[in-house]
Amino acid sequence: QVQLVESGGGLVQAGGSLRLSCAASGRSLSSYGMGWFRQVPDKAREFVAAIGWSGSTTSYADFVKGRFTISRDNAKKKVYLQMDSLKPEDTAVYYCAAHTLGVVVVTAASYDYWGRGTQVTVSS
């Protein structure tokens with residue numbers, strides 16, 4: 001069992017940066033693949049970024065490529081999402097998720113554990 005807690009969200013102006021953190025408790029994260037998703041009201045949750053168990057493989061949604069960076073520190077049981085050059089359309093609740101497959105996975109249905117989310121608001 002893994003419990004995930006996101007932090008680092010907030011209000012930022014367009015062009016600014018935020019760093020989201022996901023802290024895990026319970027089992028070690030080292031065998032889990034991790035991902036970040038986001039959701040706005042009345043829309044489905046969408047994939048943002050994912051990272052494999054070792055951190056050597058990553059995947060990004062096209063709309064964040066070159067702006068966001070996912071990373072992990074298995075010793076600290078943390079996953080990060082560095083968000084730069086933020087746009088108003090990045091406004092959403094951001095969720096951290098974990099799955100037992102270990103590899104990079106982009107589909108939400110494949111994830112086993114979810115955090116409660118952290119709000120990111122980007123003003124124009």
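Within the range 48-63, how many residues turn out to be closer than 8 Å to Gly33 by Cα and over 12 Å from the mean Cα position of the chain (by Cα)?
Residues meeting the conditions: 2.
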Search result, residues across the range 83-96 that are touching a strand residue (DSSP E or B) at 6+ places or on another chain (Cβ under 7 Å) and either polar (S, T, N, Q) or outside any loop (DSSP other than H, G, I, E, B) (or both): Met83, Pro88, Asp90, Thr91, Ala92, Val93, Tyr94, Tyr95, Cys96
Of residues in the range 28-82 being charged (D, E, K, R) and part of a loop (DSSP other than H, G, I, E, B), the one most open to solvent (accessible area, probe 1.4 Å): Asp42
Any hit, the range 70-78, residues being of a type in the set (S, T, N, Q) and without any contact (Cβ under 8 Å) to a residue 24 or more places away in the chain: yes
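Yes or no: Val93 within 22 Å of Val2 (Cα to Cα), at pLDDT 95 or above, in contact with a Lys or Arg (Cβ under 9 Å, 6 or more places away or on another chain) and surrounded by 13 or more Cβ atoms within 10 Å (Cβ to Cβ)?
On the way: within 22 Å of Val2 (Cα to Cα): yes; at pLDDT 95 or above: yes; in contact with a Lys or Arg (Cβ under 9 Å, 6 or more places away or on another chain): yes; surrounded by 13 or more Cβ atoms within 10 Å (Cβ to Cβ): yes.
Here the answer is yes, as Val93 does meet what is asked.
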Pair list, Cβ < 6 Å and 6+ apart or interchain, from the range 28-46 residues that are farther than 13 Å from Tyr111 by Cα to residues that are open to solvent by 60 Å² or more (accessible area, probe 1.4 Å) and of a type in the set (Phe, Trp, Tyr): Ser31/Trp53
Qualifying positions in the range 83-120 - over 12 Å from the mean Cα position of the chain (by Cα), over 20 Å from Asp62 (Cα atoms) and β-branched (Val, Ile, Thr): Thr100
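The values are calculated or read from the model by the stated rules, or taken from the named source; none is laboratory data. As the structure is a prediction and not an experimental result, all values here were calculated from the model. Reconstructed Cβ throughout: ideal geometry from the backbone, glycine too, with neighbour counts over all protein chains shown. Surface areas here come from the heavy atoms of the whole protein model, side chains and all, with no ligands, DNA or RNA. Shrake-Rupley method; radii C 1.70, N 1.55, O 1.52, S 1.80 Å.
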